[in-house]
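**Q** I have a structure I would like to understand better, so I am pasting it below and will then ask my questions one at a time.
Only the coordinates and a few stated rules stand behind these numbers; no lab work does. This one's a predicted model, so the numbers in the text were calculated from it and none came from an experiment. So basically every Cβ, Gly included, is an ideal-geometry build from the backbone, and we count neighbours across all protein chains shown.
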Amino acid sequence: MKRLLIACTTLIAFNTHAQNNLVFNVDAAKTTISKQIYGHFAEHLGHCIYGGFYVGEGNTKIPNTNGVRNDVIDALKKLKIANLRWPGGCFADTYHWKDGIGPKNKRPGMVNAWWGGVTEDNSFGTHDFLNMCELIGTEPYLAGNVGSGTVQDLTDWVQYVNFNGKSPMSDLRQQNGREKPWHVTYWGVGNEAWGCGGNMTPEHYADVYRQYATFMTGWSNETKIFRIASGANSKDYNWTEVLMKKIPLNMLGGLALHHYSVIEWRKKGPAVDFSEQQYFETMQSALFMDSLVTKHSAIMDKYDPEKRVALVVDEWGGWYDVEPGTNPGFLYQQNTMRDAMIAGATLNIFHNHSDRVRMANLAQTINVLQAVLLTNEEKMILTPTYHVMEMYNVHQDAKLVPLTIKCNNYVVGNEKLPAISASASKDSTGAMHISLVNIDAKAAQDISITLEGGNYKTVGGRILTSAKLQDHNTFEQPAKIKPAPFQGAALKGKTLSVKMPPFSVVVLELK
Ligand code: AHR
């Protein structure tokens, strides 16, 4: 496949920027951008589940369906989230699923040791999650407990949710009110096995994975189980190397990777009142995703040249200091135009590597880290990240259009980043969508786009931007940032001219 070619040069003279040049080879569109790249992550952490998704069946103040907020269901349906990973994260390796089934008043409580040490009543469990996925119209992705669980527990979970026939676990499921299995395809075999999932070496985890994977099957064969191994922490390339070498390909559906856009783990900086320097450093970390997926993919290519195993970036997003006055263990942070930049640029990276990156999960869906929704009692707001993911969902399952890009640099001090991030796809109706991010916090960008092939007559689009990079939606002003029609694109034959304001995201549609 023709790779994305980035060559960004400093073309700045007397404060004016030269034109950025993009070439899209429309006729070469071949690889499918898996819609599973548009997955999300919901952990028992802070107010993601309790107060975020779930407010309880008895709640008369907040409209809900079986305890799940109706406003959340509607917003996530509109977003077209392709899959939802649950119950963690670090929490997953402490979670015993059998404590979360059966009559709610009989379920034992548990202490959420990783996140705030709070006691949970297990009122949101397997049935609640899987039924909620059906309401939202998304595929569940269950993360199994390997760190403190057993092979028997995890294989029982598979049988409980997937077995269509008579078995101890399917009988139990039916006693608990669910006749038919849910047919869960995606299964994580532990989480961050190198850290909170057990502090294992890659060699040890590879053996543990093989053992678990052996007993996790579809049983009835109705569901093809897709097993995902706990993957590398950011640039731990050795982790990927060892797992690819030691795990037989036929036991492995996907290999995970976690990378957060963080400035410094001990000094992450504020979510809202950040400086331009902090913005720049966050974007450096976000754009590093390109190098990460390139290098991890190259290692995978050595062992799996046919690209059977997916690279699954099942945790990504911006991570800042928690909002002042909130529980440090709850990871609650606001979401500004900086987060919109991270989302737009990261999704472009995933698209451009869609031959290997076939699944991803933004961390996390509600009230935690780079959330798409924030809730406060009966109020719910959509964040700038939500809007980017909604604008971009036109790329789901469309064909990637290869791109060559030559762009200006965004310079801060002595350092620079490519100012423009881009990707494009052609959908089943023949329409082409181009998503563009101007990362530069100060300068507008003129972009000249050449279309090789295709025959388009019209261009339309939407833009997300605001007056200040630090702008965000609040419960008092929920629609300060929202997509608007974009008038800055003109199509003349095979050339498209676009003018983008600083820190903006644009999605164009060509027909
Ligand atoms: O998303 C928050 C935490 O970050 C997850 O629980 C863990 O997997 C990662 O370290």
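**Q** Consider Leu369 against the criteria (1) closer than 19 Å to Glu281 by Cβ; (2) outside any loop (DSSP other than H, G, I, E, B): it satisfies all of them except one. Which criterion is unmet?
**A** (2)
**Q** Examine the stretch 379-388 for a residue that is within 16 Å of Ala345 (Cα to Cα), within 16 Å of the ligand (Cβ to nearest atom) and assigned to a strand (DSSP E or B), and state whether such a residue exists.
**A** No: zero hits.
**Q** Filtering the stretch 29-84 down to residues that are within 15 Å of Ser123 (Cβ to Cβ) and of a type in the set (D, E, K, R), which residue is surrounded by the most Cβ atoms within 10 Å (Cβ to Cβ)?
**A** So, considering only residues that are within 15 Å of Ser123 (Cβ to Cβ) and of a type in the set (D, E, K, R), the one surrounded by the most Cβ atoms within 10 Å (Cβ to Cβ) is Arg69.
**Q** Here is a further query. Of the residues that sit in the stretch 330-354 and are among the aliphatic types (A, V, I, L, M) and closer than 27 Å to Trp114 by Cα, which one is surrounded by the fewest Cβ atoms within 10 Å (Cβ to Cβ)?
**A** Applying the filter and picking the extreme gives Leu331.
**Q** From the residues in the stretch 84-108 that are within 16 Å of the ligand (Cβ to nearest atom) and of a type in the set (D, E, K, R), which one is nearest to Thr385 (Cα to Cα)?
**A** Across the stretch 84-108, the extreme among qualifying residues is Arg85.
**Q** Can you say whether Ile81 is out of contact with any His (no Cβ under 6 Å at 6 or more places or on another chain), in a loop (DSSP other than H, G, I, E, B) and away from the ligand (no atom under 16 Å from the Cβ), as far as the supplied structure shows?
**A** Spelling it out, it is not the case that Ile81 is out of contact with any His (no Cβ under 6 Å at 6 or more places or on another chain), in a loop (DSSP other than H, G, I, E, B) and away from the ligand (no atom under 16 Å from the Cβ).
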